Amino acid sequence: MKIICVGRNYVDHIKELNNKKPKEPVLFLKPQTAIINKGQPFFIPSFSKEIHYELEIIVRINRLGKFIKRKFSHKYYEEIGLGIDFTARDLQLELKNNGLPWEKAKAFDGSCLIGKWKNKKDFDNIDNIDFRLTKNNEIVQNSNTSLMLWKVDELIEYISKFFTLKTGDVIFTGTPSGVGKVQLNDNLKGYMNDHELLSINIK
Ligand code: ZN
């Protein structure tokens, strides 16, 4: 399986990192080895002094697809959830400034947390879901899927032009504002409409 991530999909987050609003979705990949095993903490890697959390809405692909039309995108996923795209922001900034690919900052071992899945039928409208992240029980990110520049179905159409989607692939749909640094012994919890879908300790 592979993990396809979308960057710069919320205007408020684009502003906080002083990025330009893109004309098309920004895509990057994480390998399967980036996934944190169930119940494990996030270990701060030695190569970064500034690891950021990015809470994101995620969907799991349930069938093979290529060149998927937007109107059929909904057939390609049944489960929706929350994930954290852990980012070595210091390293990413250095790579960006040098025009280099982001993989070392975004795709390292342990950079991908996948929370519990919900069936999308549990929601009236997946383009209107509240979600939030708490750090040590204080809300640090709080948003709604209606604020995405490109909605899930549009992303599936766009992504599948470049990458064949396979059963089990996971799409990270981008983070809203409020990203920030993690520190030793922090605890992060993610909620979708008040359901706790993830909890992780930082070590
Ligand atoms: Zn992200």
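The values are calculated or read from the model by the stated rules, or taken from the named source; none is laboratory data. Keep in mind that what you see is a predicted model, and the values were worked out from it rather than measured. Please note: Cβ atoms are built from the backbone with ideal geometry, for glycine as well, and neighbour counts cover all protein chains shown. Keep in mind that these areas ignore ligands, DNA and RNA; they rest on the heavy atoms of the full protein, side chains included. Shrake-Rupley method; radii C 1.70, N 1.55, O 1.52, S 1.80 Å.
Side notes on the structure shown:
- Residues located in segment 187-203, provided they are of a type outside the set (Lys, Arg) and surrounded by 18 or more Cβ atoms within 10 Å (Cβ to Cβ): Leu188, Gly190, Tyr191, Met192, Leu197, Leu198, Ile200, Ile202
- Qualifying residue in segment 65-73 (condition: exposed (fewer than 15 other Cβ atoms within 10 Å of the Cβ), small (Gly, Ala, Ser) and not in a strand (DSSP E or B)): no
- Subset of segment 97-143 [of a type in the set (S, T, N, Q) and closer than 12 Å to Ile80 by Cβ]: Asn119, Asn125
- Qualifying residues in segment 164-179 (those that are surrounded by fewer than 19 Cβ atoms within 10 Å (Cβ to Cβ) and more than 13 Å from the ligand (Cβ to nearest atom)) - the one farthest from Asn62 (Cα to Cα): Thr164
- Within segment 154-168, the presence of at least one residue that is within 15 Å of Tyr10 (Cβ to Cβ) and within 14 Å of the chain's Cα centre (by Cα) is confirmed.
- Residue count, segment 83-113 (criterion: within 16 Å of the chain's Cα centre (by Cα), within 16 Å of the ligand (Cβ to nearest atom) and open to solvent by 30 Å² or more (accessible area, probe 1.4 Å)): 2
- Segments classed as strands (runs of 3 or more DSSP E), wholly inside segment 1-64, with at least 2 members that are more than 15 Å from the ligand (Cβ to nearest atom): 55-61
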